[in-house]
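Beneath this line is the structure, given in structure tokens, with notes to follow.
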Amino acid sequence: MSIAAVPAYLGQDFKQASTGLRFGMYLKLWGVNECTHQALWSTHDIVYRVRGRDQEERELREENKVSAINAACALSQSEKAAMAAISARQKSLAAALPHCFTLPARSTAPFVTGMGNEHPLENGFSFLWPYGLPYLPGSGVKGVLRQAARELISGDWGDSEWTDKTVSEITIDKKTVPLTALDLLFGLETEDRQTEHFRGVLSFWDVIPDIKGDRLMVEIMTPHQTHYYRDGRQPHDSGLPTPIPFLTVPPGSGFTFHVQCDHARLARLAPELTKDEHWKKLLKSAFDHAFDWLGFGAKTSVGYGAMRPDGSGSA
């Protein structure tokens, strides 16, 4: 039996707590000694089983990682209701705004984000606080689409409406700065200590997934090159695998993307991008490229975060 690192007066039943709290503060990860009931503060229990030819009772270690993270995966009814309410609120707000691009999508592979967050299991996850719900941050959406636009501009992916031609100019510190469509929509990226800053006209909303089923999913990675990364020895494929579980959103879950445009500012700077809502066509092509080649979230290079459009973008 594992214990959570919380005060005793909170009890041990955290089923109604959010996934974020059960995966973090209330994670039943820390081990105990089955005989003495002593807290071990390690990721294994000490159990006693009869083993061997002599049928003697022996002290054994049982790992808690997979069982602990599995216990944190279940979604409570209140969590599902909260995610549905937030998503409905976003859709209502997007429908009421005059210049908002909405694109529903569905994942075709497990989705994970925030793995770099600190956690006892070595791999964290991003939760929307104070709700403690899994989500895809808007900043992550913006980063993927910016990269998609860059690749389309390069010309290596065939003809595209994305180009690197100047569509507007602004003056910063008495200096004329040319802006491309990429700069206008996503913002001008500059080197450190430079003053040529420009905020893009697009705002990317956080995405609350419509999770398929009643629980999140546990995936396992098994790195086996510890002898190379840690000890500097020659790499080879006979290293001892180290199973590391991590949390994911299961495939088949829905993701609705909302992108808001400061249309008045865009019309003032580059009216050609507002004609026939050309900015939406550019954004849609960036989404299509991201769906086909990039993915969203972490571990996209090995197939995680793959999605497909679940309908056409709307105003």
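Kirkwood's formula applied to the C-alpha pairs of the range 8-72 gives a hydrodynamic radius of 13.3 angstrom. For Lys284, the aspartates and glutamates whose Cα comes closer than 16 Å to its Cα, not counting residues fewer than 8 places off in the same chain, are Glu151, Asp159, Glu161, Asp276, Asp292, Asp310.
In terms of the Cα gyration tensor, with a ≥ b ≥ c the square roots of its eigenvalues, is the range 173-252 rounded because a/c is under 1.5, prolate because a/b exceeds b/c, or oblate? Oblate, because a/c is 1.5 or more while a/b does not exceed b/c. Amide hydrogen proximity for Asp310: with H placed 1.01 Å from N in the peptide plane, the residues at 5 or more positions away or on another chain lying under 5 Å are Ala105, Arg106. Once you reduce the range 51-119 and the range 190-259 to the center of their Cα atoms, the two points are 13 Å from each other.
Per-peptide packing, taken as the mean over residues of other Cβ atoms within 10 Å, places 234-240, 182-188, 166-172 in the sequence 182-188, 166-172, 234-240 from highest down. Our coupling estimate for the range 126-137, obtained by passing each phi through the Karplus curve with A = 6.51, B = -1.76, C = 1.60 and θ = phi - 60°, is 8, 10, 7, 9, x, 6, x, 10, x, 7, 9, x Hz, Gly and Pro reported as x. In order along the range 11-25, the Karplus-derived 3J(HN,Hα) couplings, from 6.51 cos²θ - 1.76 cosθ + 1.60 at θ = phi - 60°, round to x, 10, 9, 10, 4, 8, 6, 5, 4, x, 6, 5, 7, x, 4 Hz, and Gly and Pro are given as x. Would you please give the FRET efficiency between Glu169 and Asp288, computed as 1/(1 + (r/R0)^6) with r the Cβ-Cβ distance and R0 = 45 Å, to the nearest 0.05? Using R0 = 45 Å, I get an efficiency of 0.95. Normalised by residue number, the volume inside the convex hull of the Cα atoms of the chain is 207 Å³ per residue. Using the structure shown, list the pairs from Lys65/Lys212; Lys142/Lys280; Lys15/Lys80; Lys142/Lys275 with a Cα-Cα distance above 18 Å, or answer none. Table pairs above 18 Å Cα-Cα are Lys65/Lys212; Lys142/Lys275. Less than 5 angstrom separates the built amide H of Ser253 from those of Ser107, Lys212, all sequence-distant by 5 or more or on a different chain. Computed from the Cβ-Cβ distance with R0 of 25 Å, the FRET efficiency linking Glu59 to Glu122 stands at 0.45. Its residue count N sets the reference 2.2 N^0.38 Å, and the alpha-carbon radius of gyration of the range 82-197 equals 1.39 times that reference.
Whole-Hz Karplus values for the range 216-227 come out as 6, 10, 9, 10, 10, 10, 10, x, 9, 10, 4, 4 Hz, taken residue by residue from phi with 6.51 cos²θ - 1.76 cosθ + 1.60 and θ = phi - 60°; glycine and proline positions read x.
Every read-out reported here was derived from the displayed coordinates using simple, explicitly stated rules and does not represent laboratory data. These figures come from a predicted structure and were not determined experimentally. So basically every Cβ, Gly included, is an ideal-geometry build from the backbone, and we count neighbours across all protein chains shown.
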